[in-house]
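Q: The structure that follows is given in the form of C-alpha cells.
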Amino acid sequence: MSTAPALDKRPAAASAPGRRRVTLPVLLLIIAGVLALTSLVRIVTGADGITNVSQMSTALKLAVPIGMAGLGGLWAERSGVINIGLEGMLILGTWFGAWAGYQWGPWIGVLAGIAGGALGGLLHAIVTVTFNVNHIVSGVAINILALGVTRYVSAFAFEGVPQGTSKQSPPVESLGQFSVPVLSDGLETINDKGWFLASDIAGLLGGLVTNMSPLTLLALALVPASWWILWRTSFGLRLRSCGENPTAAESLGVNVYKYKYLAVIISGGLAGLGGAFLSIVANPFYLEGQTGGRGYIGLAAMIFGNWMPGGLALGAGLFGYTDSLKLRGGTENVHALLLLIAILVLIGAIWLVLRKKYVGAVIAVAVSALVFAWYATTKEVPTQVVTATPYVVTLLVLSLSAQRLRMPRANGKPYRRG
Amino acid sequence: MHALCGENGAGKSTLMKILYGMQKPDEGTIAVDGQQVAFASPGDAIARGIGMVHQHFMLADNLTVLENVVLGSEKLHGIGAKARAKIVELSERYGLGVRPDALVENLGVADRQRVEILKVLYRGATTLILDEPTAVLVPQEVDALFDNLRELKAEGLSVIFISHKLGEVLSVADEITVIRRGTTVGTVVPADTTAKQLAELMVGSELPTPETAESTVTDRPVIEVRNLKLLGEGGRALLDDISFTIHEGEVLGLAGVEGNGQTELIDALIGLKGADSGTLRMATGEVGSAGEAAGEPEEITSWPTRRRREQGIGYIPEDRHRHGLLLESPLWENRILGHVTERPNSKGFWLDLKSAQADTRRIVEEYDVRTPGIDVTAASLSGGNQQKLIVGREMSHKPRFLIAAHPTRGVDVGAQAQIWDQIREARREGLAVLLISADLDELIGLSDTLRVIYRGRLVADADPADITPEELGSAMTGAASGHLEHPADESGAAEDRPSGETGDQPEKTEEAAAPEDEAR
C-alpha cells in the first residue's frame with residue numbers, strides 16, 4: 001500500500017459528507033491531487049527530501065510496525081473486542097523476536113515474536129471474553145504487564161550474554177534486503193532529476209522497491225489478505241457478525257466465543273509480528289522502550305481508516321512518513337510541509353464556504369494564514385517540533401476524521417451467551 | 001397455521017424458546033413429524049426444519065441482507081453469487097421483495113421482518129415460528145405480512161404465530177391455543193369462537209378497553225408548538241413545520257410509523273435537542289390558573305431540560321431501559337431521578353433521602369408496583385411494574401403536560417389498564433397529554449385529537465370518534481393526508497368533542513367541524 005502521499009488525508013475525509021462513500025476513483029484522485037500539491041511545494045521550497053527515495057523507504061520501514069498493530073486492532077475490533085493492549089503485544093513481539101532471533105536465527109525470531117504477541121492476545125481474550133472484564137482495563141493491564149515482564153526477564157535472558165545488557169539484547173542476524181534490480185535504479189534516477197510530479201511518484205514507488213526486507217513484503221501482503229479473509233470468506237463474515245450483533249450471530253449457530261478468541265489471538269499475533277519487525281528488521285536488537293507507543297498509533301491508524309484495511313494502511317503510511325521526518329533532514333522538511341498544510345487548510349476553507357459553513361471557513365482561513373506566516377518568517381522548525389510531528393499529526397487527523405466514522409456496532413460491549 | 005395466544009408473561013415466548021432450542025425443558029417431550037426430539041441448541045432445531053422469527057430482530061445493521069441471510073449457513077450455498085441467486089429465487093417465489101445487497105440499517109421495519117423470514121426459509125425451514133410479528137407493523141404492513149404467510153402455507157409450510165392481538169389471530173389462524181400463566185387453557189377453532197370468548201380465556205376475566213368516557217377538553221392551552229423545525233446531520237429536516245396546541249384536559253394522540261420524527265419531537269419538547277426554528281410555549285403554575293389569571297403561556301424554547309421539568313413537563317420515555325430508569329439502582333433512587341431538585345427529594349442543596357424513600361413507598365402502594373421492597377433494583381421488576389413506577393414518579397410532581405411515549409409497550413394487560421386509568425384520571429384533572437403509541441387501538445381509544453406524523457411533518461389529523469385503525473394506518477404510510485374522515489359513517493359520537501384546534505389553524509378547524517354538522 002502507499003505510504004507517503006497520504007501526508008494529509010484531511011480533505012479526503014472531509015469531502016465525504018454524511019454517509020456518502022469515498023469510491024476508489026475519488027480516493028485515487030484525491031491522492032493524486034495531494035501528491036501534485038506536495039510536488040509543487042517541493043519545487044517551491046527546494047526541500048527535495050520530502051519525496052526522496054530513501055525518505056520513502058524509511059517511511060515504509062517505520063510504517064510496518066504501526067500497520068501491523070493497526071491490522072491487529074482491526075481483527076480484534078471487527079470481532080467486537082477493543083484491543084488497547086496492542087502496545088503490550090508489540091512489546092512482547094519485540095522481546096520474543098530478539099530473544100529467539102539471536103539464538104536460532106531471524107526467521108525463528110519472527111515466529112517467536114508472533115507467538116509472543118499471540119500469547120498476549122490469548123490473555124486479553126481470556127480476560128475480556130470469558131470473564132467479561134472491561135476491554136480497556138484489560139488492555140491497559142496487558143500493556144503494563146508486558147512492559148514489566150520483559151524488563152524482568154531481560155535481566156536473566158540478556159545480561160551476561162556477549163553484547164547483551166539488561167536493557168538490550170545481543171544483535172540478531174539480518175533477514176537480508178533486496179531491491180528490484182532495474183526498477184530501483186531507474187526510479188532513483190528519475191527521482192534525482194527533480195521533475196514536477198514524475199520525480200515524486202518515482203520517489204514513492206522507489207521506496208517500495210529499494211532495500212526492502214522480506215518481512216516488509218509479508219506485512220504489505222497481509223493488508224489485502226486480511227481484507228479478503230474478513231470480507232470474502234464465511235470465516236470472516238462470522239467473525240464480523242460477532243462484532244456487529246453477537247446475539248444474532250449466536251441465534252444462527254455461530255460460536256461467538258470461539259470467533260472472538262480466534263480474532264483476538266490473531267490480533268496479538270499480528271502485533272507480535274510488528275514487534276518482531278522492530279527488533280529484527282528496523283533495529284537488529286531488542287531495546288527497552290523500543291516500541292515508543294507505536295501500538296497506540298496503530299490503533300489510531302485503524303480508527304482513522306474507519307476499521308477498514310485500506311484506510312488503515314493509508315493511516316499507517318501517513319504516520320510512518322511523519323515519523324521518518326525525524327530521521328532525515330527533519331527541520332528543513334517539516335518546514336517545507338508547513339506550506340503544504342497552509343495550502344490544504346486553505347482548500348478546506350474554500351470547501352467550507354461552498355457548503356455555507358462560514359464560521360468554520362473563517363477559522364480555517366485564519367489557521368492557514370498563521371501556518372503560512374510561520375513558514376514565511378522562519379527558515380526551519382526546531383527539532384522538538386520535528387520529534388512531536390507524528391503525535392501532533394495523529395491527534396489532528398483523528399480529531400478531524402473521527403466525525404464520520406462507523407465502528408462495529410457491538411465493539412467493546414461485553415457479551416454473555418444466552 | 002397455528003396461533004398461540006396469551007397475555008404478556010403468560011409463557012408464550014418461553015415455550016417458543018424451548019421449541020427453538022434456546023432453553024431446555026425440565027420435563028415433557030417435543031415431537032417433530034411424529035418423532036420425539038430434544039434440542040440442545042438452535043442449530044439442532046434448524047436441522048429439524050424449525051425456524052424462528054424473533055420479536056426483536058436478530059440482524060446486524062452494518063451487514064448487507066445477503067450477509068445476514070447466509071450467516072451461520074455458509075455451507076448451504078456459499079457466500080457469493082450462488083447464495084445471492086438463491087435469495088432472489090426465494091424472494092420471488094414467496095413475494096417477499098428482498099434486495100440482497102441493501103444494507104440492513106437502511107431498511108424499514110417491515111423489510112427487516114421479511115429479511116428475517118427469508119433467513120429462516122433459506123435454511124430450509126418447514127415450520128416457522130413468528131414471535132409477535134405484528135407488534136411493530138402498521139395495519140397495511142400486517143395485511144402484507146399475512147399475505148406472505150398465506151403464501152407460505154399454500155406451499156406446504158407450517159406457521160406458528162404468537163400474538164396477543166385477538167383480531168389478527170382470529171383472521172389468520174386455522175387453530176388457536178391459548179395459554180395463561182404457563183399452562184394451556186384451551187385450544188379452539190376460529191370459526192366457533194368470538195374475540196370476546198378468546199379474551200376471557202386469555203385473561204381469565206373481561207378484557208379492558210382504552211375507551212375514554214366524556215371529553216374533558218377545555219379551551220385553556222397548556223402547550224403551544226409553532227412551526228417547530230429540527231435539522232439533522234447534513235441539513236436534512238427531521239422535523240418540519242410542526243405546529244399544535246394541547247389544552248388542559250386534552251389528550252393529543254400522535255400516530256406514525258416509528259422513525260418518522262417522534263423521537264426528535266420528544267427530544268425537542270423535553271429540551272434534549274434545541275429547535276432550529278419555531279417556538280414552544282407552555283402554561284406554568286397551578287392547573288386552572290392558565291386562563292385569565294396567568295395570562296399568556298410562557299415561551300420555553302430556550303429553557304434547559306431541568307427547568308422544563310421543574311415547571312411541569314412529565315415524561316414517560318419510549319424506552320424505559322435507556323431513558324427512564326437506572327436498572328442497577330434501587331427503586332427509591334430511580335424515584336429521585338429527574339426530580340432531583342424538587343421536593344420531597346431534596347431540601348435545597350441536600351438530598352432528602354428519608355422523605356424520598358417514604359414517597360417511593362407511597363408510589364409503590366398507590367400505583368400498585370409489585371415489588372418486595374424499595375431497595376431492590378429496577379432491573380428486578382417486570383416491565384409493567386417498572387412502567388408503573390415511572391408513571392407514579394412523573395404523576396407525583398403534578399405535571400401540567402405529560403409526554404407519554406408508548407406508555408403500555410411491553411406491559412401486561414393488567415398494568416396496561418392501570419396506566420390507562422392513570423392517564424384518564426390525570427386528564428380529568430386538567431393534564432395535557434401528548435400520547436405517542438404504536439398501538440392504534442390505544443391511540444384511538446384514549447385521544448381527544450389525533451395527528452399523524454410522517455417524515456417529520458404532521459400530515460393528517462383525525463377525530464378518534466370516527467376513524468378506524470386501517471384509515472389511520474394508511475395515513476401513517478403517507479398514503480393519505482389532510483383531514484381523515486370515515487366515509488359515510490354517521491356516528492353521533494363526535495357531538496360534544498371540540499376539535500381541539502381552536503383558533504390556531506382555522507382551515508383545519510373548519511374541516512374538522514364539517515362532519516359534525518353533517519351528523520346533526
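Q: Restricting to the stretch B:78-95, and then to whatever is of a type in the set (Gly, Ala, Ser) and in a helix (DSSP H, G or I), can you tell me which residue is farthest from the other protein chains (Cβ to nearest Cβ)? Break it down stepwise before answering.
A: Filtering the stretch B:78-95 for residues of a type in the set (Gly, Ala, Ser) gives B:78, B:80-81, B:83, B:85, B:91, B:95.
With the extra rule that they be in a helix (DSSP H, G or I), the set shrinks to B:81, B:83, B:85, B:91.
Details: B:Ala81: 12, B:Ala83: 10, B:Ala85: 17, B:Ser91: 19 Å.
The extreme case among them is B:Ser91.
For every residue, the table says whether it meets (1) within 14 Å of another protein chain (Cβ to nearest Cβ); (2) part of a helix (DSSP H, G or I); (3) of a type outside the set (Phe, Trp, Tyr).
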position: A:Trp227; (1), (2), (3): no, yes, no
position: A:Val254; (1), (2), (3): yes, no, yes
position: A:Gly268; (1), (2), (3): no, yes, yes
position: A:Gly292; (1), (2), (3): no, no, yes
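Q: Going through A:Thr291, A:Thr247 one at a time, which residue ends up being surrounded by fewer than 24 Cβ atoms within 10 Å (Cβ to Cβ) and of a type in the set (Ser, Thr, Tyr)?
A: Details: A:Thr291 fails: surrounded by fewer than 24 Cβ atoms within 10 Å (Cβ to Cβ).
Step by step, each of A:Thr291, A:Thr247 is checked, and only A:Thr247 is surrounded by fewer than 24 Cβ atoms within 10 Å (Cβ to Cβ) and of a type in the set (Ser, Thr, Tyr).
Q: Sticking with this one: Before we move on, is B:Lys75 surrounded by fewer than 18 Cβ atoms within 10 Å (Cβ to Cβ), modelled with pLDDT under 80 and not in a loop (DSSP other than H, G, I, E, B)? Step through it out loud before you land on a result.
A: Numbers: surrounded by fewer than 18 Cβ atoms within 10 Å (Cβ to Cβ): yes; modelled with pLDDT under 80: yes; not in a loop (DSSP other than H, G, I, E, B): yes.
Yes: the conditions hold for B:Lys75.
Q: All but one of (1) in contact with a helix residue (DSSP H, G or I) (Cβ under 9 Å, 6 or more places away or on another chain); (2) of a type outside the set (Asp, Glu); (3) open to solvent by 10 Å² or more (accessible area, probe 1.4 Å) hold for A:Arg232, so report the exception by its number.
A: (1)
Q: Condition (residue is open to solvent by less than 30 Å² (accessible area, probe 1.4 Å), touching a residue at least 40 places away in the same chain (Cβ under 8 Å) and either assigned by TED's automatic domain parsing to the domain that holds B:Thr127 or under 26 Å from B:Ser163 (Cβ atoms) (or both)) applied to the stretch B:29-38: is it met by at least one residue?
A: Checking the stretch B:29-38: at least one residue is open to solvent by less than 30 Å² (accessible area, probe 1.4 Å), touching a residue at least 40 places away in the same chain (Cβ under 8 Å) and either assigned by TED's automatic domain parsing to the domain that holds B:Thr127 or under 26 Å from B:Ser163 (Cβ atoms) (or both).
Yes/no per residue for (1) within 14 Å of chain B (Cβ to nearest Cβ); (2) closer than 27 Å to A:Ala263 by Cα; (3) of a type outside the set (S, T, N, Q); (4) in contact (Cβ under 8 Å) with a residue 60 or more places away in the chain:
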position	(1), (2), (3), (4)
A:Phe372	no, no, yes, no
A:Thr383	no, no, no, no
A:Thr389	no, no, no, yes
A:Ser399	no, no, no, no
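Q: Please work out if A:Leu262 is over 30 Å from B:Ile46 (Cβ atoms), of a type outside the set (Asp, Glu) and in a helix (DSSP H, G or I). Give the derivation first.
A: Details: over 30 Å from B:Ile46 (Cβ atoms): no; of a type outside the set (Asp, Glu): yes; in a helix (DSSP H, G or I): yes.
Judged against the criteria, A:Leu262 is not a match.
Q: Just to check your reading of the model, which residue among A:Phe277, A:Phe285 is in contact with a Leu (Cβ under 7 Å, 6 or more places away or on another chain), aromatic (Phe, Trp, Tyr) and more than 14 Å from every other protein chain (Cβ to nearest Cβ)?
A: Details: A:Phe285 fails: in contact with a Leu (Cβ under 7 Å, 6 or more places away or on another chain).
After applying the criteria, what remains is A:Phe277.
Q: For residues in the stretch B:57-69 being open to solvent by 20 Å² or more (accessible area, probe 1.4 Å) and not in a loop (DSSP other than H, G, I, E, B), which is farthest from the other protein chains (Cβ to nearest Cβ)?
A: If we filter the stretch B:57-69 for residues that are open to solvent by 20 Å² or more (accessible area, probe 1.4 Å), which is where we start, we get B:57-58, B:61-62, B:64, B:67.
Retained after the next criterion (residues that are not in a loop (DSSP other than H, G, I, E, B)): B:64, B:67.
Working: B:Thr64: 10, B:Glu67: 6 Å.
That would be B:Thr64.
Q: Filter the stretch A:306-315 down to the residues that are outside any helix (DSSP H, G or I) and surrounded by 24 or more Cβ atoms within 10 Å (Cβ to Cβ) and list them by number. Give the steps one after another, and end with the answer.
A: Narrowing the stretch A:306-315 to residues outside any helix (DSSP H, G or I): A:306-308.
Matches in the stretch A:306-315: none.
Q: Here's a follow-up. Looking only at the stretch A:82-91, decide whether some residue is open to solvent by 20 Å² or more (accessible area, probe 1.4 Å) and assigned to a helix (DSSP H, G or I). Lay out the reasoning, then the answer.
A: First, the residues of the stretch A:82-91 that are open to solvent by 20 Å² or more (accessible area, probe 1.4 Å): A:82, A:84.
Among the residues that remain, those that are also assigned to a helix (DSSP H, G or I) are: none.
No, the stretch A:82-91 has no match at all.
Q: Is at least one residue of the stretch B:109-117 open to solvent by 30 Å² or more (accessible area, probe 1.4 Å) and within 14 Å of chain A (Cβ to nearest Cβ)? Full working, then the answer.
A: First pass over the stretch B:109-117, keeping only residues open to solvent by 30 Å² or more (accessible area, probe 1.4 Å): B:109, B:111-112, B:114.
This time we only want the ones that are within 14 Å of chain A (Cβ to nearest Cβ), so: B:112.
Within the stretch B:109-117, one or more residues are open to solvent by 30 Å² or more (accessible area, probe 1.4 Å) and within 14 Å of chain A (Cβ to nearest Cβ).
Q: Being in contact with a Lys or Arg (Cβ under 7 Å, 6 or more places away or on another chain), buried (at least 22 other Cβ atoms within 10 Å of the Cβ), within 14 Å of chain B (Cβ to nearest Cβ) and in a helix (DSSP H, G or I) narrows it down to one residue among A:Leu239, A:Leu318; which is it?
A: On the way: A:Leu318 fails: within 14 Å of chain B (Cβ to nearest Cβ).
Being in contact with a Lys or Arg (Cβ under 7 Å, 6 or more places away or on another chain), buried (at least 22 other Cβ atoms within 10 Å of the Cβ), within 14 Å of chain B (Cβ to nearest Cβ) and in a helix (DSSP H, G or I) holds for just one of A:Leu239, A:Leu318, which is A:Leu239.
Q: Could you tell me which numbered condition B:Lys153 fails, if it satisfies all but one of (1) under 27 Å from the mean Cα position of the chain (by Cα); (2) surrounded by 15 or more Cβ atoms within 10 Å (Cβ to Cβ)?
A: Result: B:Lys153 fails condition (1) only.
Q: If you don't mind, another one. Would it be correct to say that B:Ala125 is within 14 Å of chain A (Cβ to nearest Cβ) and either in a helix (DSSP H, G or I) or in contact (Cβ under 8 Å) with a residue 12 or more places away in the chain (or both)? Reasoning before the result, please.
A: On the way: within 14 Å of chain A (Cβ to nearest Cβ): yes; either in a helix (DSSP H, G or I) or in contact (Cβ under 8 Å) with a residue 12 or more places away in the chain (or both): yes.
Yes: the conditions hold for B:Ala125.
Yes/no per residue for (1) within 14 Å of chain B (Cβ to nearest Cβ); (2) among the hydroxyl-bearing types (Ser, Thr, Tyr); (3) touching a residue at least 12 places away in the same chain (Cβ under 8 Å):
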position	(1), (2), (3)
A:Ser154	no, yes, yes
A:Ser169	no, yes, yes
A:Ala198	no, no, no
A:Glu244	yes, no, yes
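Q: In the list A:Thr377, A:Thr394, A:Thr387, which residue meets the criterion of being at pLDDT below 80 and not basic (Lys, Arg)?
A: Values: A:Thr377 fails: at pLDDT below 80; A:Thr387 fails: at pLDDT below 80.
Result: A:Thr394 is the single residue among A:Thr377, A:Thr394, A:Thr387 that is at pLDDT below 80 and not basic (Lys, Arg).
Q: Here's something else I'd like to know. Among the numbered criteria (1) farther than 23 Å from A:Tyr259 by Cα; (2) part of a helix (DSSP H, G or I); (3) open to solvent by less than 40 Å² (accessible area, probe 1.4 Å), which one does A:Val172 miss?
A: In the conditions (1) farther than 23 Å from A:Tyr259 by Cα; (2) part of a helix (DSSP H, G or I); (3) open to solvent by less than 40 Å² (accessible area, probe 1.4 Å), A:Val172 misses (2) alone.
Q: Also, I was wondering about something else. Of everything in the stretch B:362-392 that's among the aliphatic types (A, V, I, L, M) and not in a loop (DSSP other than H, G, I, E, B), which residue is surrounded by the fewest Cβ atoms within 10 Å (Cβ to Cβ)?
A: Restricting attention to the stretch B:362-392, the residues satisfying the condition of being among the aliphatic types (A, V, I, L, M) are B:363-364, B:369, B:374, B:376, B:378-379, B:381, B:389-391.
Next cut, not in a loop (DSSP other than H, G, I, E, B) only: B:363-364, B:378-379, B:389-391.
Details: B:Ile363: 22, B:Val364: 21, B:Ala378: 24, B:Ala379: 12, B:Leu389: 25, B:Ile390: 29, B:Val391: 25.
Ranking the qualifying residues of the stretch B:362-392, first place goes to B:Ala379.
Q: Within the stretch B:19-56, track down each residue that is facing another protein chain (nearest Cβ under 8 Å) and under 18 Å from B:Glu116 (Cα atoms).
A: Correct list: B:Met22, B:Pro42, B:Gly43, B:Ile46, B:Met52, B:His54.
The values are calculated or read from the model by the stated rules, or taken from the named source; none is laboratory data. Owing to the predicted nature of the structure, the values given are computational and were not obtained by experimental measurement. Positions of Cβ are generated from backbone atoms using ideal geometry, with glycine treated the same way; all protein chains shown enter the neighbour counts. Side chains included, ligands, DNA and RNA excluded: accessible areas come from the protein's heavy atoms. Shrake-Rupley method; radii C 1.70, N 1.55, O 1.52, S 1.80 Å.
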